[in-house]
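Q: Let me give you the structure first, and then I'll get to my questions.
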């Protein structure tokens with residue numbers, strides 16, 4: 001049962017993504033939006049212009065005033081900011097990747113365990129309605145192919161495309177196949193920056209499933225497509241358009257097999273809104289969020305394997 005008392009929430013970092021956290025939280029049921037925090041006060045003020053929330057420059061001034069925070073600062077700052085709140089027992093939703101390294105992720109998980117605070121990670125694609133619907137029908141796919149291509153960003157250039165873009169899909173394949181990764185092959189190229197801007201990875205699972213992933217931040221086209229193949233079924237998702245197709249092979253005794261299926265109805269919604277609502281509900285009901293800190297660490301661990309495989313080919 002949802003608690004009657006609203007969750008007092010603040011957003012730390014209101015740049016490209018954090019400003020949308022502020023926009024959504026300011027009108028979300030069950031939330032008292034307390035503040036937007038950013039070193040750039042002008043940016044913080046813009047994020048709260050349409051709400052009674054405060055604009056602050058120092059997140060430490062929130063101690064004792066909030067129940068939870070969302071963190072959308074650059075990845076290099078995740079550990080320090082998250083620890084400050086987790087150690088106070090304040091619940092945290094941190095944007096992906098969870099941290100800059102597995103050692104940092106472990107420190108965050110340990111702090112959450114000590115204080116009892118909830119730690120969630122912002123793998124927003126898990127909340128895409130088309131992806132959600134696809135996950136419900138998938139049962140042991142044998143081959144997964146994912147293409148995630150986008151134009152050159154003006155953000156997240158402190159990390160390469162594996163940790164910025166591909167990590168969404170690494171999290172997805174871990175959510176589909178729980179058998180364990182047995183091998184990773186990868187190649188990546190720095191094109192417009194000193195870091196890898198386009199990468200391809202082939203991930204093998206103990207189940208026998210193979211996932212082939214391509215991620216680029218230098219494409220002329222925006223493409224976010226997921227294709228899954230399993231015995232007697234093909235599932236295709238256009239994550240950008242929030243469209244889902246499911247095709248099945250029907251076998252009837254004495255007759256030729258037939259192919260049935262087509263597009264399924266997907267109720268469109270903003271994935272970030274769904275993610276934030278899940279976090280708020282998790283705080284209110286003291287349950288684990290859909291993407292836990294452990295899941296965020298697992299995605300980071302696989303991204304690290306991919307990055308190491310790329311480095312080994314360099």
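The values are calculated or read from the model by the stated rules, or taken from the named source; none is laboratory data. Bear in mind that the values here come from a model prediction, so they are computed numbers and not experimental data. With ideal geometry, Cβ positions are generated from the backbone for all residues, glycine too; neighbour counts draw on all protein chains shown.
Q: Of all residues in the stretch 110-144, count the ones that are over 30 Å from residue 231 (Cα atoms) and over 17 Å from the mean Cα position of the chain (by Cα).
A: Quick first cut of the stretch 110-144, residues over 30 Å from residue 231 (Cα atoms) only: 110-122.
Okay, now just the ones that are also over 17 Å from the mean Cα position of the chain (by Cα), so 110-117.
Number satisfying all stated conditions: 8.
Q: Could you check the stretch 279-298 and list, in sequence order, the residues that are outside any loop (DSSP other than H, G, I, E, B) and surrounded by 19 or more Cβ atoms within 10 Å (Cβ to Cβ)? I'd like the intermediate steps shown before the answer.
A: Let us first name the residues in the stretch 279-298 that are outside any loop (DSSP other than H, G, I, E, B), namely 279-285, 292-298.
Hits for the stretch 279-298 are 279, 280, 282, 283, 284, 293, 295, 296, 297, 298.
Q: Restricting the search to the stretch 205-233, which residues are without any contact (Cβ under 8 Å) to a residue 60 or more places away in the chain and buried (at least 17 other Cβ atoms within 10 Å of the Cβ)? If you could, list the steps in order and put the result at the bottom.
A: Filtering the stretch 205-233 for residues without any contact (Cβ under 8 Å) to a residue 60 or more places away in the chain gives 205-206, 232.
If the condition is that a residue be without any contact (Cβ under 8 Å) to a residue 60 or more places away in the chain and buried (at least 17 other Cβ atoms within 10 Å of the Cβ), then 205 is the only one that fits.
Q: Moving on. For residue 253, state whether it is free of Cβ contacts under 8 Å to residues at least 60 places away in the same chain and in a loop (DSSP other than H, G, I, E, B). Reasoning before the result, please.
A: Details: free of Cβ contacts under 8 Å to residues at least 60 places away in the same chain: yes; in a loop (DSSP other than H, G, I, E, B): yes.
It is true that residue 253 is free of Cβ contacts under 8 Å to residues at least 60 places away in the same chain and in a loop (DSSP other than H, G, I, E, B).
Q: Filter the stretch 56-76 for residues that are at pLDDT 95 or above and buried (at least 19 other Cβ atoms within 10 Å of the Cβ) and give the result.
A: 56, 59, 62, 66, 67, 68, 69, 70, 71, 72, 73
Q: Restricting to the stretch 228-247, name every residue that is touching a strand residue (DSSP E or B) at 6+ places or on another chain (Cβ under 9 Å) and within 12 Å of residue 130 (Cα to Cα). Steps first, please.
A: Step one: list which residues in the stretch 228-247 are touching a strand residue (DSSP E or B) at 6+ places or on another chain (Cβ under 9 Å), which gives 228-241, 243-247.
If the condition is that a residue be touching a strand residue (DSSP E or B) at 6+ places or on another chain (Cβ under 9 Å) and within 12 Å of residue 130 (Cα to Cα), then 235, 236, 237, 238, 239, 240, 241, 243, 244, 245, 246 are the ones that fit.
Q: Within the stretch 33-42, is there a residue that is within 24 Å of residue 287 (Cβ to Cβ) and either crowded, with 20+ Cβ neighbours inside 10 Å or touching a residue at least 40 places away in the same chain (Cβ under 8 Å) (or both)?
A: Filtering the stretch 33-42 down to residues within 24 Å of residue 287 (Cβ to Cβ) leaves 33-34.
Restricting the remaining residues to those that are either crowded, with 20+ Cβ neighbours inside 10 Å or touching a residue at least 40 places away in the same chain (Cβ under 8 Å) (or both) gives 33-34.
Looking through the stretch 33-42, at least one residue is within 24 Å of residue 287 (Cβ to Cβ) and either crowded, with 20+ Cβ neighbours inside 10 Å or touching a residue at least 40 places away in the same chain (Cβ under 8 Å) (or both).
Q: When only residues in the stretch 92-109 that are part of a helix (DSSP H, G or I) and touching a residue at least 24 places away in the same chain (Cβ under 8 Å) count, which is farthest from the chain's Cα centre (by Cα)? Write out each step before concluding.
A: Narrowing the stretch 92-109 to residues part of a helix (DSSP H, G or I): 102-109.
Among the residues that remain, those that are also touching a residue at least 24 places away in the same chain (Cβ under 8 Å) are: 102, 104-109.
Working: 102: 17, 104: 18, 105: 15, 106: 18, 107: 20, 108: 17, 109: 17 Å.
Ranking the qualifying residues of the stretch 92-109, first place goes to 107.
Q: Return the only residue of 87, 145, 95 being under 28 Å from residue 197 (Cα atoms), at pLDDT 95 or above and in contact with a helix residue (DSSP H, G or I) (Cβ under 9 Å, 6 or more places away or on another chain).
A: Only one candidate passes the filter, namely 95.
Q: Is the stretch 242-254 home to any residue that is within 16 Å of residue 169 (Cβ to Cβ) and surrounded by 19 or more Cβ atoms within 10 Å (Cβ to Cβ)?
A: Of the residues in the stretch 242-254, the ones within 16 Å of residue 169 (Cβ to Cβ) are none.
No.
Q: Identify, by number, the condition in (1) touching a residue at least 60 places away in the same chain (Cβ under 8 Å); (2) in contact with a strand residue (DSSP E or B) (Cβ under 8 Å, 6 or more places away or on another chain); (3) outside any helix (DSSP H, G or I) that residue 15 doesn't meet.
A: Status for residue 15: all satisfied but (2).
Q: Any residue at all in the stretch 251-273 that's modelled with pLDDT under 95 and under 26 Å from residue 11 (Cβ atoms)?
A: yes
Q: Working only within the stretch 174-204, note down all residues that are closer than 23 Å to residue 239 by Cα, touching a strand residue (DSSP E or B) at 6+ places or on another chain (Cβ under 7 Å) and touching a residue at least 60 places away in the same chain (Cβ under 8 Å).
A: 199, 201, 203
Q: Out of all the residues in the stretch 62-72, which are in a loop (DSSP other than H, G, I, E, B) and out of contact with any helix residue (DSSP H, G or I) (no Cβ under 6 Å at 6 or more places or on another chain)? Before the answer, list the steps.
A: Of all residues in the stretch 62-72, those in a loop (DSSP other than H, G, I, E, B) come to 63-67, 72.
Passing the criteria: 63, 64, 65, 66, 67.
Q: Of all residues in the stretch 39-51 being touching a strand residue (DSSP E or B) at 6+ places or on another chain (Cβ under 8 Å) and in a loop (DSSP other than H, G, I, E, B), which is nearest to residue 84 (Cα to Cα)?
A: 48
Q: Consider residue 167 against the criteria (1) surrounded by fewer than 19 Cβ atoms within 10 Å (Cβ to Cβ); (2) more than 17 Å from residue 238 (Cα to Cα); (3) modelled with pLDDT of 95 or more: it satisfies all of them except one. Which criterion is unmet?
A: So residue 167 meets the others, but not (1).
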